[in-house]
1. Just a yes or no: is a residue in the range 52-63 surrounded by 14 or more Cβ atoms within 10 Å (Cβ to Cβ) and without any contact (Cβ under 8 Å) to a residue 12 or more places away in the chain?
2. Within the range 1-30, can you find the residues that are outside any helix (DSSP H, G or I) and modelled with pLDDT of 95 or more?
3. Would you please list the contacts, defined by Cβ atoms under 6 Å and residues six or more apart or on different chains, that run from a residue in the range 30-43 that is free of Cβ contacts under 8 Å to residues at least 24 places away in the same chain to a residue that is in a helix (DSSP H, G or I)?
4. Every residue in the range 7-18 that is exposed (fewer than 10 other Cβ atoms within 10 Å of the Cβ) and of a type in the set (G, A, S), please.
5. Does the range 28-51 hold any residues that are open to solvent by 60 Å² or more (accessible area, probe 1.4 Å) and of a type outside the set (A, V, I, L, M), and which are they?
6. Before we move on, is G69 open to solvent by less than 90 Å² (accessible area, probe 1.4 Å), modelled with pLDDT of 95 or more and among the small types (G, A, S)?
7. Looking only at residues that are over 15 Å from L31 (Cβ atoms) and either open to solvent by less than 90 Å² (accessible area, probe 1.4 Å) or of a type in the set (G, A, S) (or both) in the range 72-85, which one is farthest from the chain's Cα centre (by Cα)?
Amino acid sequence: REVHLSPNHLSRKFKNALGVAPSDYWRNFRLQQARSLLIGGEENIARVALRCGFDDAAYFSRAFKKQFGASPQQFRAAIGQMLRS
């Protein structure tokens, strides 16, 4: 309503401008935040998922693996291994 466009029309304009749907953009943003939290902290993965807006830790793990090629646990272990080397 604020921009005088229907949700579908706004979504199409967003996708045309950025090449990605708003929901995908938002999920990718949250996954990038989660990645940063996993690199820099000791919080458990379920807490990281919640902090980044994922209510379901299993969905978070699947989305993270799809985005980065490793589960959050695998990613954190690889980061820890790199830091110890």
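1. Looking for residues that are surrounded by 14 or more Cβ atoms within 10 Å (Cβ to Cβ) and without any contact (Cβ under 8 Å) to a residue 12 or more places away in the chain, one finds none in the range 52-63, hence no.
2. Within the range 1-30, G19, V20, A21 meet the criteria.
3. Every condition considered, the pairs that remain are L37/V48.
4. Across the range 7-18, the qualifying residue is only A17.
5. The answer is F29, Q32, Q33, R35, S36, G40, E42, N44, R47, R51.
6. Considered against the rule, which asks whether it is open to solvent by less than 90 Å² (accessible area, probe 1.4 Å), modelled with pLDDT of 95 or more and among the small types (G, A, S), G69 comes out as yes.
7. Per the stated criteria, the residue is S85.
The values are calculated or read from the model by the stated rules, or taken from the named source; none is laboratory data. Note that the structure is a prediction, hence the values are computed from the model and not measured. Quick reminder, even Gly has a Cβ in these numbers, built from the backbone with ideal geometry, and neighbours come from all protein chains shown. Just the protein is used for accessible areas: all its heavy atoms, side chains included, with ligands, DNA and RNA removed. Shrake-Rupley method; radii C 1.70, N 1.55, O 1.52, S 1.80 Å.
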